[in-house]
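Worksheet: the structure to be examined is printed underneath.
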Amino acid sequence: MEINKVMHAALKALSYPDLDVKKTYKIKRRLEGIRSAQLSPEKNLFQDWRVPFGKTSVPVRLFFPNDKEVLEPPVILFFHGGGWVVGDINSYTKVCASMAQILESVVISVDYRLAPEHKFPAAPEDCYHVAKTLFCDGFPFQAKPEEITLMGDSAGGNLAAVVSQMARDRGEFEVKQQILLYPATFNDHSPASPFPSVVENGTDYLLTSKRVCDYMELYQSSPADRQNPYFAPLLAEDFTNQPRTLILTAEFDPLRDEGEAYGAELQRAGNDVTVVRIADGLHGYFSLPPRFEAVQESYRWIQQFLKGGEPL
């Protein structure tokens, strides 16, 4: 399906192909903070906690489906997007509050440490620790392991996939299911990338391939990190024993093909995987209000996945 010419021209104008994320990420953080303060729902819709981690702690925000009669609701452990560099639980509060209501679930949003102040592997270790605490100790919310779903978008989808791999490799808990929204799974978004979507969608659709390259450069501690499957989960040598998985990709997204390739690797390894490409979708669409068709379609897939069935 084609985006109409007027919309495409507007998107191209907004894409700023020469924007240097490495010089502007602090400005983007401040702008997101201002926007979050204006758009966040009332504070009585969520609770803030801190999960102890060594000498410090990881902030988390709990959202409840408090206007619905739900006994022992399922739990979604959510990792936000933002290239591991921007985004936080404030900028995703509106998204997570809506998610809790629509999915009738408890949503736990993780405020993991951001690069470049805290480079790889700080973010996956924070996310893994919160997951381990939830699965093993029931803190901050008591839930059975089979009721917990890992979920993330973009860089958060990367972190959800990585936490599932880490859980298998370390053997401390077992993730039953995960939902990956347009996840970053590979390590190269230059013109040399093996994935056509990096070139086809890498300049005119808001998220540019250059920005992805900049984010990854800020995220890595050294170039050697790029060969680590906990940095780029598509590089894993072993894809077996992974959770039941739903992957949603966006049609006009430079990350589209690597997300779908990750799903294919999981399927080849014998895992239960559903991969869906959202038509006309742009990277980051899930943060739009629920009235948008791409968001509604995604929720239909997610709801049925959580129920163990096919979409309506």
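The values are calculated or read from the model by the stated rules, or taken from the named source; none is laboratory data. Just so you know, these numbers come straight off a predicted model, no measurement behind them. Don't worry about glycine lacking a Cβ; one is built from the backbone with ideal geometry, like all the others, and counts go over all protein chains shown. Heavy atoms of the whole protein, side chains included, go into the accessibility calculation; ligands, DNA and RNA do not. Shrake-Rupley method; radii C 1.70, N 1.55, O 1.52, S 1.80 Å.
I'd like the accessible area for CYS127, computed on protein heavy atoms only with a 1.4 Å probe and all protein chains in place. Round to 10 Å², please.
For CYS127, solvent-accessible area is about 0 Å².
If you take the C-alpha gyration tensor of the chain, multiply each eigenvalue by 5 and take the square root, what semi-axes do you get, largest first, in whole Å?
Result for the chain: semi-axes of 27, 22, 21 Å.
Per DSSP H run of at least 4 residues, take -39500 (n - 2.57); add these up for the chain, divide by its residues and hand me the 222 nm value, nearest 500 deg cm²/dmol.
My calculation for the chain gives -12000 deg cm²/dmol from helical runs alone.
From the P(r) of the stretch 77-146, can you give the percent of Cα pairs sitting at distances over 18 Å?
43 percent
What whole-number distance in Å separates the alpha-carbon centres of the stretch 280-294 and the stretch 134-158?
A separation of 23 Å, based on Cα centres.
Where the accessible area of the stretch 257-312 is counted over protein heavy atoms with a 1.4 Å probe, how much of it, in %, is carbon and sulfur?
The computed percentage sits at 50.
Percent of Cα-Cα pairs more than 27 Å apart in the stretch 187-312, please.
Value for the stretch 187-312 (Cα pairs over 27 Å): 23 percent.
Please compute, for the alpha-carbon atoms of the stretch 111-232, the extent along each of the three principal axes and give them in descending order in Å.
45, 26, 23
What is the diffusion coefficient of the stretch 192-238 in µm²/s, taking the Kirkwood radius over Cα pairs and the Stokes-Einstein relation at 20 °C with a viscosity of 1.002 mPa s?
Estimated via Stokes-Einstein, D reaches 180 µm²/s.
Would you calculate the separation in nanometres between label points at GLN303 and GLU217, each defined as 7 Å from the Cα along the Cα-to-beta-carbon direction?
Reported label-point gap for GLN303 and GLU217 is 4.4 nm.
In vacuum, with every alpha carbon of the stretch 211-272 counted as one equal point scatterer, what does the Debye formula give for log10 I(q)/I(0) at q = 0.17, 0.21 Å⁻¹? Two decimals, please.
The Debye formula, applied to the Cα set alone, gives -0.69, -0.95.
Got a sec to turn the phi values of the stretch 184-200 into Karplus ³J(HN,Hα) couplings, 6.51 cos²θ - 1.76 cosθ + 1.60 with θ = phi - 60°, whole Hz, x for Gly and Pro?
Going residue by residue, I get 7, 10, 10, 10, 9, 10, 7, x, 7, 4, x, 9, x, 5, 5, 7, 4 Hz, with x marking Gly and Pro.
Among TRP84, TRP301, TRP49, what's the order by accessible area (1.4 angstrom probe), most exposed first?
TRP49, TRP301, TRP84
May I ask you to rank ASP238, ASP225 by accessible area, largest first, using a 1.4 Å probe over the protein chains only?
ASP238, ASP225
Using θ = phi - 60° and the Karplus form 6.51 cos²θ - 1.76 cosθ + 1.60, what ³J(HN,Hα) does each residue of the stretch 215-227 get, whole Hz, x for Gly and Pro?
Ordered by residue, 3J(HN,Hα) equals 4, 5, 5, 5, 6, 6, 7, 7, x, 4, 4, 5, 8 Hz.
Accessible area per residue, 1.4 Å probe, Å², for the stretch 130-286: what's the number?
Per residue, the stretch 130-286 has an accessible area of 34 Å².
Roughly speaking, to the nearest percent, how much of the stretch 45-108's 1.4 Å accessible area is carbon and sulfur?
53 percent
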